[in-house]
Amino acid sequence: MPIDDICARLLDSEEHACEAAIPPVAEYAVEVIQTLNADYGRLEAYVQDLISHRDAARLFVEELLGSVETLTGVADLYGARTLADLLYLHSAIASGSSIDHNPDESRVLEVVKSMPSGEQWAEYLNLAHPA
């Protein structure tokens, strides 16, 4: 039975034939049910968001590993800072946040743009403007 129907029945005075008024416990139960239902909706959206970030992070790693021979090779070719930034970027994608990127210190944007979903991954980078 849908939650709205349950709440309507709890507040229907004809359901309480032995009493003229709706018992306060029924009104309280409706409030609790409606609050729990709203909380469930928010929780469900949050879980879907987490799943989306997890899937994006997984795709990022697949694309990264598909675009380089080894992670050590990334450090050899682009520098240790770039490799570190790629790992920080993976974490940012998984959590739905972002990282600061300074092109003078790291070539993470260059690596990311070479990946199939590079434009998507670049959205997780906050480009610092050199002073």
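Every residue, every condition in (1) of a type outside the set (D, E, K, R); (2) over 29 Å from Ile3 (Cβ atoms); (3) surrounded by 15 or more Cβ atoms within 10 Å (Cβ to Cβ); (4) touching a Leu at 6+ places or on another chain (Cβ under 7 Å), yes or no:
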position: Val25; (1), (2), (3), (4): yes, no, no, no
position: Ile33; (1), (2), (3), (4): yes, no, yes, no
position: Leu36; (1), (2), (3), (4): yes, no, no, no
position: Ser67; (1), (2), (3), (4): yes, yes, no, no
position: Gly73; (1), (2), (3), (4): yes, yes, no, no
position: Ser95; (1), (2), (3), (4): yes, yes, no, no
position: Ser106; (1), (2), (3), (4): yes, yes, yes, no
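Restricting to segment 101-131, and then to whatever is acidic (Asp, Glu) and in contact with a helix residue (DSSP H, G or I) (Cβ under 9 Å, 6 or more places away or on another chain), can you tell me which residue is farthest from Ile51 (Cα to Cα)?
Applying the filter and picking the extreme gives Glu105.
Only one of Leu64, Leu89 is assigned to a helix (DSSP H, G or I), more than 19 Å from Leu50 (Cα to Cα) and in contact with a His (Cβ under 9 Å, 6 or more places away or on another chain); which?
Leu64
Suppose we filter segment 40-67 for residues that are more than 18 Å from Glu110 (Cα to Cα), free of Cβ contacts under 8 Å to residues at least 40 places away in the same chain and of a type in the set (D, E, K, R); how many remain?
4
Out of the residues in segment 40-84 meeting the condition of being within 19 Å of His101 (Cα to Cα) and of a type in the set (Val, Ile, Thr), tell me which one is modelled with the lowest pLDDT.
Val74
Please go through (1) in contact (Cβ under 8 Å) with a residue 40 or more places away in the chain; (2) surrounded by 14 or more Cβ atoms within 10 Å (Cβ to Cβ); (3) under 26 Å from the mean Cα position of the chain (by Cα) for Pro116 and return the number of the only condition it doesn't satisfy.
(2)
Scan segment 103-124 for residues that are among the charged types (D, E, K, R) and in a helix (DSSP H, G or I) and jot them down.
Here is the first cut: in segment 103-124, the residues among the charged types (D, E, K, R) are 104-105, 107, 110, 113, 119, 123.
Within segment 103-124, Glu110, Lys113, Glu119 qualify.
The values are calculated or read from the model by the stated rules, or taken from the named source; none is laboratory data. Worth saying up front: this structure is predicted, and the values here are computed from it rather than measured. Don't worry about glycine lacking a Cβ; one is built from the backbone with ideal geometry, like all the others, and counts go over all protein chains shown.
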